[in-house]
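Q: Below you'll find the structure I mean.
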Amino acid sequence: MQPNTTLASAAHDSLPTSQDAANAVFKRAAWRFIPLLFVSYVVAYLDRVNIGFAKLQMLNDLQFSDAVYGLGAGLFFLGYFLFEVPSNLLLHKLGARRWIARIMITWGVLSAATAWVDSPMMFYVIRFLLGVAEAGFFPGVILYLTYWFPSHRRGRMTAMFMAGNPVSGIVGAPLSGYIMYAFAGTMGMSGWQWLFILEGIPAVILSVVIYCYLDDRVADVTWLNAEEKKLIKNEIDQDAQVRTHSSVRSVMLSPRVWLLCLILFGVIMGSYAIGFWLPSIIRSAGIADPFHIGLLAMIPYTAALVSMLLASRSADHFRERRWHVIVPVLVAAIGFCICAMSENQITPAIVGLSLGAMGVVTAVAMFWALPTAFLGGAGAAAGIALINCTGNLAGFVSPSVIGWLKTQTHSVSSGLFFVAAMLALSAVLVLSFIPAKVVNR
């Protein structure tokens with residue numbers, strides 16, 4: 001009995017030691033990549049939605065209507081849609097380091113070039129090209145995380161990366177308001193022009209940092225020894241065994257993948273309703289100064305950041321994915337309804353915007369645990385890009401529809417109710433058609 005007892009005790013003692021070693025290695029990998037990817041996403045999202053702040057001055061200077069603005073803001077996503085799948089396949093083939101660096105320098109230059117827009121057609125073209133340039137960044141990072149973290153560790157990593165979304169609002173909202181106020185008239189240019197120029201420069205700088213610092217694969221790195229690389233590889237290999245879609249063809253023919261496209265479409269409707277219309281909603285509630293609008297815009301984004309980080313911890317702890325998408329989506333739908341009924345009162349408007357931002361930002365982060373649970377290899381590259389680009393068509397539909405409805409009704413409320421309905425539909429689809437046994441790992 002004694003030898004068996006000793007062996008059992010030794011095995012018991014070795015388990016946490018092995019687990020602790022794995023935790024330490026993955027923590028080291030996280031600190032290596034996540035801060036850089038997080039900062040890159042802050043800059044990316046800021047360059048994507050700073051048009052919402054520029055709108056406060058740009059439309060008057062250029063004599064654009066809300067419909068022109070909505071169409072131009074949305075055309076970004078048409079370019080994004082057309083080029084995202086090939087972009088992600090190229091990233092899978094060429095490596096994240098070179099491809100993400102290429103993405104960042106081109107979108108930084110094009111974002112800054114928006115400062116010289118002077119007609120609706122030029123506005124449409126530059127927004128479309130900006131979408132082409134940025135296509136592949138977000139799904140590329142999501143794919144990149146699957147190379148380094150298994151599904152039960154990836155929820156927190158995805159949330160830490162995607163914290164760049166609300167942080168871009170927390171930092172970017174007052175910064176954008178300040179730039180538009182402080183730089184107005186400098187060198188004969190408007191504040192909105194300086195906004196695009198100054199917020200495009202960081203992307204160009206980060207492209208150099210990405211190229212010099214990012215590692216493409218576990219096997220490529222020199223800062224891990226052979227045993228540490230093996231620990232990561234073993235967990236990634238175990239995770240890959242349960243994936244059912246590893247080829248491009250299986251992804252394109254999968255009803256579940258197309259269902260996820262539709263679900264994300266509804267969630268992204270809400271995300272860009274916040275991103276493109278939040279400053280205008282606050283202004284319609286009686287706040288005129290761009291800097292004060294920026295300060296108030298920090299509230300919804302701060303609430304969203306806290307909500308997303310808490311939800312990611314909960315999802316990884318309980319290894320539950322579906323309800324961590326459904327509940328935030330429903331919270332967002334309620335928030336948009338409150339906002340639509342606020343009747344231009346600042347307090348209910350901020351409450352509604354906060355619930356909306358908390359819901360959509362958290363839901364988007366939690367959503368990506370669903371497809372990455374069963375996509376692998378080239379199928380993951382194609383599938384993640386397909387889901388993201390198709391879902392992100394909502395970035396074209398959302399501002400276009402809301403802008404058109406606002407032009408017709410002189411109120412943003414009808415557009416917000418429409419977005420709330422799309423969010424509710426997404427929640428129903430997750431509950432009805434996404435099996436828990438597939439994604440809860």
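The values are calculated or read from the model by the stated rules, or taken from the named source; none is laboratory data. Note that the coordinates shown come from a computational prediction; the quantities given were computed from them, not determined experimentally. Neighbour counts are summed over all protein chains in view; Cβ atoms, including those assigned to glycine, are modelled from backbone coordinates with ideal geometry.
Q: Is it the case, given these coordinates, that Phe38 is within 25 Å of the chain's Cα centre (by Cα), in a helix (DSSP H, G or I) and modelled with pLDDT of 85 or more? Write out each step before concluding.
A: On the way: within 25 Å of the chain's Cα centre (by Cα): yes; in a helix (DSSP H, G or I): yes; modelled with pLDDT of 85 or more: yes.
Taking the combined requirement at face value, the residue satisfies it.
Q: Quick one: would you say Val251 is within 28 Å of His317 (Cβ to Cβ), assigned to a helix (DSSP H, G or I) and touching a His at 6+ places or on another chain (Cβ under 8 Å)?
A: no
Q: Turning to a different aspect of this structure: Count, please, the residues in region 20-70 that happen to be touching a Ser or Thr at 6+ places or on another chain (Cβ under 8 Å), under 19 Å from Ile205 (Cα atoms) and aromatic (Phe, Trp, Tyr).
A: Qualifying residue count, region 20-70: 2.
Q: So which residues in region 297-344 are hydroxyl-bearing (Ser, Thr, Tyr) and either farther than 14 Å from Arg154 by Cα or at pLDDT 90 or above (or both), if there are any at all?
A: Of the residues in region 297-344, the ones hydroxyl-bearing (Ser, Thr, Tyr) are 301-302, 307, 312, 314, 342.
Selection gives Tyr301, Thr302, Ser307, Ser342.
Condition check ((1) at negative phi; (2) of a type in the set (A, V, I, L, M, F, W, C); (3) without any contact (Cβ under 8 Å) to a residue 12 or more places away in the chain; (4) crowded, with 20+ Cβ neighbours inside 10 Å) across all residues:
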{"residue": "Phe161", "(1), (2), (3), (4)": "yes, yes, no, yes"}
{"residue": "Asn165", "(1), (2), (3), (4)": "yes, no, no, yes"}
{"residue": "Gly169", "(1), (2), (3), (4)": "yes, no, no, yes"}
{"residue": "Tyr178", "(1), (2), (3), (4)": "yes, no, no, no"}
{"residue": "Gly185", "(1), (2), (3), (4)": "no, no, yes, no"}
{"residue": "Trp192", "(1), (2), (3), (4)": "yes, yes, no, yes"}
{"residue": "Ile210", "(1), (2), (3), (4)": "yes, yes, no, yes"}
{"residue": "Val221", "(1), (2), (3), (4)": "yes, yes, yes, no"}
{"residue": "Ala226", "(1), (2), (3), (4)": "yes, yes, yes, no"}
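Q: Take region 300-351 and flag every residue that is of a type outside the set (Ser, Thr, Tyr), on the phi < 0 side of the Ramachandran plot and in contact with a His (Cβ under 7 Å, 6 or more places away or on another chain).
A: We begin by selecting, within region 300-351, every residue of a type outside the set (Ser, Thr, Tyr); these are 300, 303-306, 308-311, 313, 315-341, 343-346, 348-351.
Narrowing the set further to residues that are on the phi < 0 side of the Ramachandran plot leaves 300, 303-306, 308-311, 313, 315-318, 320-341, 345-346, 348-351.
Selection gives Ala311, Ala315, Asp316.
Q: With Ser307, Ser354, Ser342, Ser314 as the choices, which residue is closer than 19 Å to Ser426 by Cβ, touching a helix residue (DSSP H, G or I) at 6+ places or on another chain (Cβ under 8 Å) and among the hydroxyl-bearing types (Ser, Thr, Tyr)?
A: Values: Ser354 fails: closer than 19 Å to Ser426 by Cβ; Ser342 fails: closer than 19 Å to Ser426 by Cβ; Ser314 fails: closer than 19 Å to Ser426 by Cβ.
Only one candidate qualifies: Ser307.
Q: Turning to a different aspect of this structure: Based on what the data block shows, is Phe123 within 28 Å of Ala182 (Cα to Cα), aromatic (Phe, Trp, Tyr) and surrounded by 21 or more Cβ atoms within 10 Å (Cβ to Cβ)? Spell out the reasoning first.
A: Numbers: within 28 Å of Ala182 (Cα to Cα): yes; aromatic (Phe, Trp, Tyr): yes; surrounded by 21 or more Cβ atoms within 10 Å (Cβ to Cβ): yes.
So Phe123 fits the description; yes.
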